[in-house]
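All of the numbers you see were taken from the coordinates with simple rules; none came from a lab. The model shown is predicted, which means the values in this text are computed figures rather than measured ones. Positions of Cβ are generated from backbone atoms using ideal geometry, with glycine treated the same way; all protein chains shown enter the neighbour counts.
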Amino acid sequence: MTLEELNQVALFDKVKIHSLESNLYQLSVVLDGEESFVMNDKGRCLTSHNKLDLQALFKDKQVAKMVLVHQSAYDEMVGQPVREGGNVLEVSLGNHDLS
């Protein structure tokens, strides 16, 4: 999904802000049960060093749920077996209206 397409949508099932590494975030949205990453004008995944900038894209839009998603590599680093479900943490961000 492009930023232009994102601006045309008024209602989102879920917005996911993925925490990639030290203050780098990536954005995906869930519409009708299907997750899509938001792409910039160069065709690359939209990223930001400020999660509030990504949250601000949804001002004046209806969002059922907004979460911060972090996938940890801790298990792999300490030699634990690979989990079937992965090691993903989702934290609710609450009210996304930053006005």
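Quick notes on this structure:
- Cβ-derived FRET efficiency at R0 35 Å, His49 paired with Asp13, nearest 0.05: 0.85
- Which of Glu90, Glu21 has the fewest Cβ neighbours within 10 Å, and the rest in rising order: Glu21, Glu90
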